[in-house]
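Q: One structure follows; several queries about it will come next.
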Amino acid sequence: MERDLTAVEFQRFHDHIYTLTGIHYPPEKIALLSNRLRRRLRACKQQSYDAYLTFLQNRQNAGEVQEFIDSVTTNETYFFRCQRHWDWFKAWAQDRAKEPETRRNGLRIWSAAASCGAEAGTILIVLDQLLGRGFGGIRVEVLGTDLNASILEEAREGIYRPYALAQTPPDIVKKYFKKLGEDQFEFDRELARHETFARHNLMEPLRGRTFDFVFLRNVMIYFDAPSKERVLSHVHDILTPGGIVMVGESESLMNIKHPFTYLKPSIFQKPLPVKARG
Ligand SMILES: C[S@@+](CC[C@H](N)C(=O)[O-])C[C@H]1O[C@@H](n2cnc3c(N)ncnc32)[C@H](O)[C@@H]1O
């Protein structure tokens, strides 16, 4: 298929992607989406966009649904993305580490929309630098989730290209990564024992877990207001009272209904329960 999607075809794919993922493709992304779909058309030997959509919606081709989702998501990420965020996180962790409750319960952190795990890895590096090996006896668990199954495989492998480390100071690269080849760096295996990766759609609740801190960065840019509100409500459900949600640098919660208290740009807190009076 040489040409881009027509406006009508674009709308059909837009609606299908939105239903599956909450992602809203704006009309100006028609060329990008066409390009991404062309690869799936070729892989599935379909002659037209319409034929591919029919193929995708056929229950017999259920395996293609994940391939489709993987092809329409954008996974851009790297270690130490937005240094200001990491300075804030470090100060937060420093305070939390002093609390007896943290000694009892540990620190539970969710990298929602984890992509290949660069954010989860940065969390562990920052905590290791702050608290030392073994995190000073504090139990640390980092959960990384994403909707894209193939990027999660990369996260589990923990092998990164130089691009992912371009913003990482050389001494940190030296300490926390093993050079496997010219272009391959393996993340510290011991630290990686504290991270797990699982497939999860942010449009659905994450059940059975609670977290003290949620990184929800650079994913809501792809969502419209109803999808953002849905995700924020799910995040609220799993945060402990006083817990933090951090959004991306370019993301705003203006005009979005949400239950959090604003602390600083990108940083919001789940309110503590109001103490009963009298
Ligand atoms: C641009 S990356 C952001 C990675 C990282 N949080 C960061 O800030 O560097 C966005 C990620 O969100 C994931 N994503 C998009 N829609 C999602 C959804 N509905 N549920 C879970 N993950 C989603 C994509 O697969 C992609 O890996």
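The values are calculated or read from the model by the stated rules, or taken from the named source; none is laboratory data. Only a predicted model underlies this, so the values are computations on that prediction, with no experimental measurement involved. Positions of Cβ are generated from backbone atoms using ideal geometry, with glycine treated the same way; all protein chains shown enter the neighbour counts.
Q: Regarding Leu206, is this residue modelled with pLDDT of 95 or more and either surrounded by 12 or more Cβ atoms within 10 Å (Cβ to Cβ) or more than 13 Å from the chain's Cα centre (by Cα) (or both)?
A: yes
Q: Out of Asn218, Asn255, I need the residue that is farther than 20 Å from Thr145 by Cβ and assigned by TED's automatic domain parsing to the domain that holds Trp92. Which one?
A: Asn255
Q: Given Ser115, Ser150, Ser111, which one is within 13 Å of the ligand (Cβ to nearest atom), assigned by TED's automatic domain parsing to the domain that holds Leu239, on the phi > 0 side of the Ramachandran plot and at pLDDT 95 or above?
A: Ser115
Q: What helices (runs of 4 or more DSSP H), lying completely within region 1-68, carry at least 3 residues that are of a type outside the set (A, V, I, L, M, F, W, C) and more than 24 Å from Leu202 (Cβ to Cβ)?
A: 30-43, 49-57
Q: Give Val219, Val245 a once-over and let me know the one that is closer than 26 Å to Arg104 by Cβ and buried (at least 19 other Cβ atoms within 10 Å of the Cβ).
A: Val245
Q: May I pose another question? Out of curiosity, is Arg81 away from the ligand (no atom under 16 Å from the Cβ) and modelled with pLDDT of 95 or more?
A: In short, no.
Q: Here's something else I'd like to know. Of the conditions (1) in contact (Cβ under 8 Å) with a residue 12 or more places away in the chain; (2) over 17 Å from the mean Cα position of the chain (by Cα), Tyr262 fails just one. Which one is it?
A: (1) is the only condition that Tyr262 fails.
Q: While we're here: May I ask you to verify whether Gly144 is modelled with pLDDT of 95 or more, assigned to a strand (DSSP E or B) and away from the ligand (no atom under 12 Å from the Cβ)?
A: No; evaluated as a whole, the condition is false for this residue.
Q: Just to be sure before I move on: is Gln46 of a type in the set (S, T, N, Q) and crowded, with 18+ Cβ neighbours inside 10 Å in the structure I sent?
A: Yes: the conditions hold for Gln46.
Q: Across region 1-39, what is the number of residues that are more than 16 Å from the ligand (Cβ to nearest atom) and touching a Phe, Trp or Tyr at 6+ places or on another chain (Cβ under 6 Å)?
A: 3
Q: Would you check which residues across region 16-34 are in contact (Cβ under 8 Å) with a residue 24 or more places away in the chain and either more than 22 Å from Ala113 (Cβ to Cβ) or of a type in the set (A, V, I, L, M) (or both) and list them?
A: Matches in region 16-34: Ile17, Leu20, Ile23, Ile30, Ala31, Leu33, Ser34.
Q: Can I ask one more? Filter region 148-163 for residues that are crowded, with 20+ Cβ neighbours inside 10 Å and out of contact with any Gly (no Cβ under 9 Å at 6 or more places or on another chain) and give the result.
A: Asn148
Q: Right, next: Name the strands (runs of 3 or more DSSP E) wholly within region 187-272 that hold at least 3 residues that are within 16 Å of the ligand (Cβ to nearest atom)?
A: Those strands (runs of 3 or more DSSP E) span 195-199, 211-216, 239-247.
Q: Would you point out which residue out of Arg193, Arg189, Arg209, Arg230 is of a type outside the set (A, V, I, L, M, F, W, C), out of contact with any strand residue (DSSP E or B) (no Cβ under 6 Å at 6 or more places or on another chain) and under 26 Å from His24 (Cα atoms)?
A: That would be Arg230, the only listed residue that is of a type outside the set (A, V, I, L, M, F, W, C), out of contact with any strand residue (DSSP E or B) (no Cβ under 6 Å at 6 or more places or on another chain) and under 26 Å from His24 (Cα atoms).
Q: Being touching an Asp or Glu at 6+ places or on another chain (Cβ under 9 Å) and either of a type in the set (S, T, N, Q) or more than 14 Å from Trp88 (Cα to Cα) (or both) is the filter here, so list the residues in region 248-278 that pass it.
A: Scanning region 248-278 gives Ile256, Lys257, His258, Ser266.
Q: Right, here's the next one. Condition test on Phe89, is it farther than 30 Å from Gln66 by Cα, within 15 Å of the ligand (Cβ to nearest atom), in the same structural domain as Asn218 (by TED's automatic domain parsing) and not small (Gly, Ala, Ser)?
A: yes
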